[in-house]
1. Kindly indicate whether any position in segment 40-49 is acidic (D, E), loosely packed, with under 15 Cβ neighbours inside 10 Å and part of a helix (DSSP H, G or I).
2. Given the criterion in contact with a strand residue (DSSP E or B) (Cβ under 6 Å, 6 or more places away or on another chain) and among the charged types (D, E, K, R), identify the matching residue among K66, K83.
3. V110 - would you say it is assigned to a loop (DSSP other than H, G, I, E, B) and at pLDDT 95 or above?
4. Here is a list: K83, K66. Which entry is at negative phi and surrounded by fewer than 19 Cβ atoms within 10 Å (Cβ to Cβ)?
5. Restricting attention to segment 120-142, and to residues there that are of a type in the set (G, A, S), farther than 19 Å from D84 by Cα and free of Cβ contacts under 8 Å to residues at least 40 places away in the same chain, which single residue is surrounded by the fewest Cβ atoms within 10 Å (Cβ to Cβ)?
6. Go over the candidates Q117, Q165 one by one and state the one that is free of Cβ contacts under 8 Å to residues at least 24 places away in the same chain and either under 16 Å from G68 (Cβ atoms) or in a strand (DSSP E or B) (or both).
7. Would segment 67-90 turn up any residue that is part of a loop (DSSP other than H, G, I, E, B), within 16 Å of the chain's Cα centre (by Cα), under 17 Å from Y164 (Cα atoms) and modelled with pLDDT of 95 or more?
Amino acid sequence: MSFVSTTTKTLLLLGAPVFLAACSESSATDSNATAHAAKAAEVVELDVYKSPTCGCCTSWIEHADKHGFASTVHHPDDLNAVKDQYGVAARLRSCHTAVSEAGYVFEGHVPAKLVTQFLNNPPAGAIGLSVPGMPAGSPGMEMGDRFDPYPVVLMNKDGTFSLYQEINEQEEQY
């Protein structure tokens, strides 16, 4: 019997190739560390596109704003057109779409800590991150003690996507 995580199964169902790679951490120079600290201290503006009646979107915006973001909320007549405009594949969509000043896209209930991590070092060719669907226990989808592990998916300009990070425990989000 082989072990396949829930996240891996989800990505396979989404049609994404799953690549597991060892990550190495390089040491930053003092000037890079200082630049990253200054960048982290800046408030990052997000344009968030959502339905006017969605409460979980509002909760996610509160989560983001509590963690260093300033959100401007938009209620477009056609939310799918916004997702199309920013290149969010149908199978990676959720209830809201956030766009940074630099044009990076954060679809659904992506933890603010991962938005910050991504913005501090965006992968080449990436358009942003997605949490497909609406996983219970993700930021904005809190349901008491209920938590369902979920994938955070890296979306690329060429339409491909892969696993960015797997969230297995609620505490990993914060």
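The values are calculated or read from the model by the stated rules, or taken from the named source; none is laboratory data. If you're wondering where the values come from, they're calculated on a predicted model, not measured in any experiment. Heads up, the Cβs are rebuilt from the backbone with ideal geometry, glycines too, and the neighbour counts pull from every protein chain shown.
1. no
2. Sole residue among the options that is in contact with a strand residue (DSSP E or B) (Cβ under 6 Å, 6 or more places away or on another chain) and among the charged types (D, E, K, R): K83.
3. Judged against the criteria, V110 is a match.
4. K66
5. A124
6. Q117
7. yes
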